[in-house]
Each structure stands twice: as C-alpha cells, then as structure tokens.
Amino acid sequence: MLRALQVLAIAATIASAFWVYRQSYDTRHLSAEVTAAERRVERLKSEIAVLEAERAYLARPERIEPLARMQGLRPPTPDQIQPLSATAGAAKP
Amino acid sequence: MSPTSPAPASWRRAVVLAPIVFAFLAVAVQVLRLSATVRDEPRLAAAEPVPAAAPRPDIVDRHGRLLAADVMAPSLFADPSLVVDPDETADKLAAVFPDLERGELRRALADRTRRFVWIKRSLSPRLAQRIHDLGLPGLAFRDEPRRTYPGVRLAGHMIGYVGIDNQGLAGLERMLDHDQRQGPLGNRGDLEPVRLSVDLGVQFGLEAELADAMARTGAKGASGVILDAVTGEIVAMASLPSVDPARPAEHLEPLRFNRVTGGVYELGSIMKMATVAMALEHRIASLDTVLDVRVPLEAGRWKIVDPHPSPRPLTVREVFIHSSNVGAGMLALQAGAERQRAFLTRLGLTDPLRLESGPVAPPTLPKYWGRAETITIAYGHGMAVSPLQFAAAAATLINGGFAVTPTLIARDRPQPRMRVVSSATSEAMRDLMRRNVTSPKGTGRRAEVAGFEIGGKTGTAEIAGRGGYDEKAVISSFLAAFPMSAPRHVVLLTLFEPKGSAETGGQIAAGATAAPATGRLISRVGPLLMAR
C-alpha cells in the first residue's frame, strides 16, 4: 500500500513539475506576445498620427482652393443661399 | 519488523512519513504559488538624465480638422563609451549634417565618461537611413514625438511654436503646457485634442483676403479678426506677414509680429462707435440732436477741425455717417472725462485682456485724462488698444448690449450673459452702422455686398511718429458686422500703412482701402459662416 502511495506521489511530483514548467513557459510566451502587441499598437498609433497629419496636409485649404477653382468651382454667392422657409414654400405645388 | 511490537513500527512509520508528506505539501504549495503569481521580466531601466520630448495634445479646429499634431521622429544620439574612433565618427557625421560643429562634436564623442550625447533631434526617415548606412558604432536612434503643422503657415501666430524638447514656447502651444488637462509624460492616446473656436476654412479665407488687400493697397501689414458677436468665439484671426510655427525664428522678426493681439494702436474713427453709444446711453443726445460742427474745437494749443468740414450743422446720425471728429468731440465733452472713461471700461476697453494664446497687449491710456484727451479719444486718438480688444467691445455694442470675452476655445455651452449697454442703444448702433454702408454718403458704402446686410464703421488713423502725426502713414480699419438685423459676426480688418493705388483712386483712407477689402472678405467667408 505504501509502495503504491510512493509511486503515485512520485508520478504526481513529475507531473506537477512538467505542469509548472509548461505554465511558466506559456506565461513567458504570452508576456512576450503582449509586449509585441503593445509595440505594434504603439507603432500603429504613430503611423495613424503620421497618416492623419498627412491627410490634413493634403486637405489644407491652400492646396484645395486652386484645385477646386480648376474644376470650375467658386465660393457660393449670396443669392445661392435661401432660408429653409423659402425652399419649403417653393416645394409646394 | 517484528510482529510482536507493532506499536514502535507505526511510530517509526509516522516519523518517516510526516516529513515526506510535509515535503510534498511544500512542493504543491510552491507549484500553486508559482502558477498564481506573475513575475515581470527584468527590464533595463537605466536612469538617464536626458531631456526627452514630451507628447502634446493635437490642436484641431472647431470641426475637428487638424492644425497641430505629434508624429514620432527618430533622434540620433551617441554613447561615447562605445564610439571606436571619435575622429572618424565626427567627420562622417559632419558630412551628413553640415550645420554641426565638428570640433565640438569630436570633443563630446571622445569623452568616454559620458554615456549619452544627443547628436541631432527629429530626423527625417531618409536622413536616419543615411546615418544607419554609415554603420558607425556607438550611434543609435530613439523615437521622440515631434510637432508638425499640417496647415503650414495657417493660423501661425495663434498656434505659436514649440522648442526642441517639444515644450510649448509661444501662443497656444505655450498655453497647452500650463493646462491642467495634460498629465506629465502621459501616453499620447490619453491626451484629448484641444478644440479651437477657429474655423480652418474661414481662417484661410481671411488670410487670403488680407494678402490680397495688402497687394492691392501696398500696405506693410494687415490684420483681421472674425468674432462670434454673441459668444465671443474667435472664428478666424490673422496678422500678415504671417509666421510658420515650424520656424520659431520667424516669430521674432519685427515685421511679422502679431498685430491683432500683440500691438496696440490708435484706431481712429471706429472709436466713434463707443462715443455715439455713450451719448445715447447717457441720454446726452438722441440720433436727431443737431450739433454745430462748423466751429473748431479748442483743445489746449490744438484746434480740432474736420478733414472735410460740413457747411451746415449735423445730426448725431450724420456725425457718425460723415465721421465728424468735431461732432464726436462735442459729444464726449458733454459727457465729460469721467463718464467717458467709465463707459470705455464697461465695454472692456481699459482693462488688460487675456486670451488662451497668452496675454493681449494692454491698452495704453493717457496719464492725464483732460479736455484734450476727452476730445481726441472720442475719435480714436490718444488711446491705443489692440484690434482684438476693440472688436470685442464693438461686438458688445451691436449684440444687444451684452459683454463679450474673446476666446480661442470652442464654447459648446451657452455662457451666462451680462448686460453692459441697453438694448435700445445697441439697436440704434446697428441702425447707424447699417446706414453707414447703405447711405450713398456713408464712409462704408464700398463694403456693401448684396445679401449679407453688412454694417460698419471706417477708421483712418495717422500713425504717431517722431514729431507728431504723419498724414501719409495711416492705419486704415473697417469694423463690420452682419447680418445687421441680428448680428452673428463682427469683423475687424486693419491695413497698416496702405499706399494709394490706381484701384483706390490714390486714396489711403479706410473707406477706399479697408472697407472694400472687408466687403470682399465677407462675400468670401460669409457663406461658410452662415452655414455653420
């Protein structure tokens, strides 16, 4: 009976040793993954910031205005603006 | 073991078993403990006494369009203890960066006691690659936030600039550093963008029209501000020649200094708005009271006469529209220096003003406020104020009489309103200003643009120089508001030292220079403002 208990205990020890090793290995692996993901988030955030700045630079009025004028667009004239009431009246048959 | 003595045997067994059970328990507990606790990997955390750039919040306009943002840029540093050949390293670096001083660089690199030396901050990716390709030992990069301004020069004065460590040194950038919302070295994602009251499209329209007005009139400088007449939000504000936030040195050039908030000027006849409003408010006169403006006003050793004297007495209404200095002086004299000063204080014209981008140049008031000062201040001389501060006071006069505090930050909630001028006076001022543009004799008639109901007042002030005023060097201003039946926006456009041109008929007065420029400005940005 004692022999059986000993064998069982030894087996449990070995199993738990493996288990601990697995856990610690997995943990380290996961933590490396987390760090990598955090770095990626930082890098992507920084890329987003660059792209947003780029977009704002391309959309700056100084650049858009001549392009718009080339398309034949121009600032609206006062007679193009109507109060909502006027358009509602006009829509009626 | 003898079967005759089972007792000692079980006792012995217990002695052996107990430590074994205890040992196994200890192992089990340790297993559980190890799996339950998370241990951090050891990280290199060397303390570096190195200035590092701090992240800053984005600056966006009222519609969320970007005006200033942080992007990460590599900065080059050296670890002198790892540099193999300081001479070669210094030579090669100096070849890439011509602005670096080679001798100094070599000395820094040869100092083996140091572990950290900045070589060059905020490099472009291309330059960083070139350094990397040199393959020099002891050099490394470190990413730092760097400020970029996608609008380039747009709203440059307002934005200000930052220093090498990304710290705000002027304008809004400086204000952000003192703002409580920004934590110390917080994560970039934690910083809420700062939303301005400025509309980027209107700001561009203003800057373009100011540049156009400068070209048409040959003026040395121009400034403009567009203010929400009710909330005091600054929708656009500019001073030309402009500055680039990315080039701090430009901000120190005398010609480029910020005229809207950084300088005070005798603004001339636009001050008559305050004078007439004071007369109405104190019931010194009504709009129909007749004043004999043919008689020159005596002020000490000076005689005040109108540049284009009227052959007949004028009503107060006509005094405003013909812009009679004598008439304004007479009204002010009837009120007296005391009441004049008190009224200007109510409009906020005598106290220093603060804006989010920094303090506004404080008004210059006469040391002694006597008869001469009372008369000259009535038509805008003898007292100097920044254009922004005057625009805010003018907003009070036409918005129904409520105090206006200018701001650069978007105000989403309505602010409590404080009445400083009666609504009847404000209504009369709106009527006067509208008439000044519609009347064929009005000085502001060239500002008229169909559909916007513009009202306004001209001001042409001679610049005080050595030995008195110079007739040829003037500051021409036009203060406008629209739509006049219920004004939403106040515009103050100022041209500094315009020269007469063929287009203005050789004139430099505001009616021929600033007024038409304001008309063009409103026809351009008006639709944007109305649709807001």
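Label points 7 Å out from Cα along the Cβ direction at B:Glu462 and B:Ala211: separation in nm?
3.5
Got a sec to turn the phi values of the stretch B:431-444 into Karplus ³J(HN,Hα) couplings, 6.51 cos²θ - 1.76 cosθ + 1.60 with θ = phi - 60°, whole Hz, x for Gly and Pro?
5, 4, 5, 5, 4, 5, 9, 7, 5, x, 9, x, 5, x
Just to check I understand the Karplus step: with θ = phi - 60° and J = 6.51 cos²θ - 1.76 cosθ + 1.60, what whole-Hz values come out for the stretch B:355-362, glycine and proline as x?
3J(HN,Hα) across the stretch B:355-362, in whole Hz: 10, 4, 8, x, x, 8, 3, x.
For B:Leu169, list long-range residues whose amide hydrogen, built 1.01 Å from N in the peptide plane, is under 5 Å from its own amide hydrogen.
Those qualifying (amide H under 5 Å, at least 5 residues apart or on another chain) are B:Tyr161, B:Val162, B:Gly163, B:Arg174.
When only Cα pairs under 8 Å and 6 or more residues apart are kept, what is the percent relative contact order across the stretch B:59-195?
32
So who's got an amide H within less than 5 Å of the one on B:Val360, skipping anything under 5 residues away but keeping other chains? H placed 1.01 Å off N, in plane.
B:Leu353, B:Arg354, B:Leu355
If you take the beta carbon distance between B:Lys303 and B:Arg417 as r and set R0 to 51 Å, what does 1/(1 + (r/R0)^6) give as a FRET efficiency, to the nearest 0.05?
Efficiency for this residue pair is about 0.75.
If amide H atoms are built 1.01 Å from N in the plane of the peptide, which residues on other chains or at least 5 residues away come under 5 Å of the amide H of B:Glu233?
Sorted by chain and number, the residues that satisfy this are B:Asp228, B:Thr407.
Can you put A:Thr77, B:Thr425, B:Thr443 in order, fewest other beta carbons within 10 Å first? Don't jump to the answer; show the numbers that get you there.
Details: A:Thr77 13, B:Thr425 20, B:Thr443 25.
Ordered by Cβ neighbours within 10 Å, fewest first: A:Thr77, B:Thr425, B:Thr443.
When Lys and Arg each count +1 and Asp and Glu each count -1, what net charge do the other residues less than 14 Å away from B:Leu123, Cβ to Cβ, add up to?
Here the charged neighbours net out to +2.
For B:Lys92, list the aspartates and glutamates whose Cα falls under 20 Å from its own Cα; do not include residues on the same chain fewer than 8 positions away.
Partners found: B:Asp79, B:Glu101, B:Glu104, B:Asp111, B:Asp133.
Sort B:Lys120, B:Lys303 by Cβ crowding within 10 Å, fewest neighbours at the top.
Numbers: B:Lys120 17, B:Lys303 10.
Ordered by Cβ neighbours within 10 Å, fewest first: B:Lys303, B:Lys120.
Going by Cα centres, the stretch B:297-349 and the stretch B:260-290 are how many Å apart?
8
Per-residue mean of other chain beta-carbon atoms within 10 angstrom of the beta-carbon, peptide A:75-82? Numbers along the way, then the final one.
Values: counts 7, 7, 6, 10, 2, 2, 6, 0.
Neighbouring Cβ atoms belonging to other protein chains average 5 per residue here.
At a 10 Å Cβ-Cβ cut-off, how would you order B:Phe22, B:Phe77, fewest neighbours first?
Going from sparsest to densest Cβ surroundings: B:Phe22, B:Phe77.
To the nearest 10 degrees, how steep is helix B:125-134 against the longest Cα principal axis of chain B, on a 0 to 90 scale?
Value to nearest ten degrees: 40.
Could you check the spin-label model distance between B:Ala18 and B:Arg312? Points 7 Å from the Cα along Cα→Cβ, value in nm.
Here the answer is 12.8 nm between the modelled labels.
Stretch A:Leu84-A:Ala37 to full length: gain in nm at 0.36 nm per residue minus the Cα-Cα span?
Working: separation 47, 0.36 × 47 = 16.92 nm, distance 5.21 nm.
That pair, A:Leu84 and A:Ala37, stretches by 11.7 nm at full extension.
Please tell me which of these pairs span more than 19 angstrom C-alpha to C-alpha: B:Lys272/B:Lys457; B:Lys303/B:Lys367; B:Lys220/B:Lys499; B:Lys272/B:Lys367?
Pairs exceeding the cut-off: B:Lys303/B:Lys367; B:Lys272/B:Lys367.
Need one value for A:47-59: mean number of C-beta atoms belonging to other chains within 10 Å of its residues' C-beta atoms.
5
Report, in degrees rounded to the nearest 10, the 0 to 90 angle that the Cα long axis of helix B:6-36 makes with the longest principal axis of chain B.
Here the helix axis deviates by roughly 30 degrees.
Relative contact order for chain B: what is it in percent, counting Cα pairs under 8 Å that are at least 6 residues apart?
14
Work out the mean other chain Cβ neighbour count within 10 Å for the residues of A:21-32 and drop it here as an integer.
Shielding by partners across A:21-32 averages 2.
Only helical DSSP H runs with n ≥ 4 go in: add -39500 (n - 2.57) per run for chain B, normalise by residue count and round the 222 nm mean residue ellipticity to 500 deg cm²/dmol.
Helices in chain B give a 222 nm mean residue ellipticity of -11000 deg cm²/dmol.
So what's the net charge close to B:Val360: Lys and Arg +1, Asp and Glu -1, counting the other residues with Cβ under 13 Å from its Cβ?
0
Enter the angle in degrees (range 0 to 90, nearest 10) between the Cα long axis of helix B:200-217 and the first principal axis of the Cα atoms of chain B, meaning the one along which they spread out most.
50
B:Ala229: net charge of surrounding residues, Cβ under 11 Å, Lys/Arg +1, Asp/Glu -1, itself excluded?
So the surrounding residues net to 0.
Taking each full run of DSSP H in chain A as one helix, which ones are at least 20 Å long along their axis (Cα atoms) and have mean Kyte-Doolittle hydropathy of at least 0.0? Walk me through the intermediate numbers first.
On the way: long enough: A:2-58 (82 Å, 0.09).
Membrane-span-like by this rule: A:2-58.
Taking only C-alpha pairs under 8 Å that are 6+ residues apart, what is the relative contact order of the stretch B:219-359 in percent?
17
For the stretch B:458-517 and the stretch A:1-33, what is the separation of their C-alpha centers, rounded to whole Å?
What the calculation gives is 88 Å, centre to centre.
Report the normalised scattering of the stretch B:201-530 as log10 I(q)/I(0) at q = 0.09, 0.12, 0.13, 0.14 Å⁻¹, calculated by the Debye formula with identical scatterers on the alpha carbons.
-0.41, -0.75, -0.90, -1.06
If I model a spin label at B:Asp351 and A:Gln23 as a point 7 Å from the Cα along the Cα→Cβ vector, what separation in nanometres do I get?
Simple spin-label model gives 6.8 nm for this pair.
From the phi angles alone, apply the Karplus equation (6.51, -1.76, 1.60; θ = phi - 60°) to the stretch B:374-379 and give each ³J(HN,Hα) in whole Hz, x where the residue is Gly or Pro.
4, 5, 5, 5, 4, 10
None of the figures in this text is laboratory data; all of them are computed from the coordinates on show. Note that the coordinates shown come from a computational prediction; the quantities given were computed from them, not determined experimentally. Here Cβ is always computed from backbone atoms with ideal geometry, including for glycine, and neighbour counts include all displayed protein chains.
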